[in-house]
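Please read the structure below before turning to the comments.
The values are calculated or read from the model by the stated rules, or taken from the named source; none is laboratory data. Small disclaimer: the values here were computed from a predicted structure and weren't measured. FYI the Cβ positions are ideal-geometry reconstructions off the backbone, even for glycines, and counts take in every protein chain you see.
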Amino acid sequence: MKFLLNSHNATFNLGKKIAKYLTESTVIALQGDLGSGKTTFVQGLAAGLKISQNVLSPTFLFLKTYSIPKHKILKTLCHVDYYRADKNMSTLTNYIQEYINDKNTLTVIEWPEQLKTYLPKGTIWIQFLHGTFKNKRVVSIVNKKICAKLSI
């Protein structure tokens, strides 16, 4: 499913909308160039999950967690930015896997390509592409379950 987004707010609101449909432990893999909207999407997702903390890209930390206050199942948002990671970071990869396997965690991974073999079958893949004009984005979502809900 593809979306043409015309602004920063539209990217934020897509994240917020998807948050409404997350009913179980989920992994979301975000692909796209620098500045394509991945972190803005995560900020919207966090807002939709009623997280009051300011969500920033964990580029230099690799991973940041946030408590999800009012969800029946999800208790933690784990935001991973694997941009600066290299293939020799097995300790970090093992740590991320703990979150991926936790039934009460939503794990969102920016730059997931190096972790692809560790991601579960039901991972929601979202690709962000720069549009032809400033602030325009083309967002593609690959996951039958979430796409069915978004098309309603």
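Data table
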| item | result |
| --- | --- |
| For Tyr66: the one exception among (1) touching a strand residue (DSSP E or B) at 6+ places or on another chain (Cβ under 9 Å); (2) under 16 Å from Ser140 (Cα atoms); (3) not basic (Lys, Arg) | (2) |
| Extreme residue, surrounded by the fewest Cβ atoms within 10 Å (Cβ to Cβ), among residues of the stretch 102-111 that are at pLDDT 90 or above and not aliphatic (A, V, I, L, M) | Lys103 |
| Residue count, the stretch 13-24 (criterion: β-branched (Val, Ile, Thr) and surrounded by fewer than 21 Cβ atoms within 10 Å (Cβ to Cβ)) | 1 |
| Test result for Ser140, in contact (Cβ under 8 Å) with a residue 24 or more places away in the chain, hydroxyl-bearing (Ser, Thr, Tyr), loosely packed, with under 13 Cβ neighbours inside 10 Å and on the phi < 0 side of the Ramachandran plot | no |
| Selection count, the stretch 36-63, where residues are in contact (Cβ under 8 Å) with a residue 40 or more places away in the chain, under 23 Å from Leu129 (Cβ atoms) and assigned to a loop (DSSP other than H, G, I, E, B) | 3 |
| Residues satisfying the stated conditions in the stretch 133-152, i.e. of a type in the set (Lys, Arg) and over 18 Å from Ile28 (Cβ atoms) | Lys134, Lys136 |
| Residue satisfying condition, being under 16 Å from Lys145 (Cα atoms) and free of Cβ contacts under 8 Å to residues at least 40 places away in the same chain, within set Lys20, Lys16 | Lys20 |
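Quick grid of which residues meet (1) β-branched (Val, Ile, Thr); (2) modelled with pLDDT of 95 or more; (3) surrounded by 13 or more Cβ atoms within 10 Å (Cβ to Cβ):
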{"site": "Thr11", "(1), (2), (3)": "yes, no, yes"}
{"site": "Thr26", "(1), (2), (3)": "yes, no, yes"}
{"site": "Gly32", "(1), (2), (3)": "no, no, yes"}
{"site": "Gln43", "(1), (2), (3)": "no, yes, yes"}
{"site": "Lys50", "(1), (2), (3)": "no, yes, no"}
{"site": "Val55", "(1), (2), (3)": "yes, no, yes"}
{"site": "Phe60", "(1), (2), (3)": "no, no, no"}
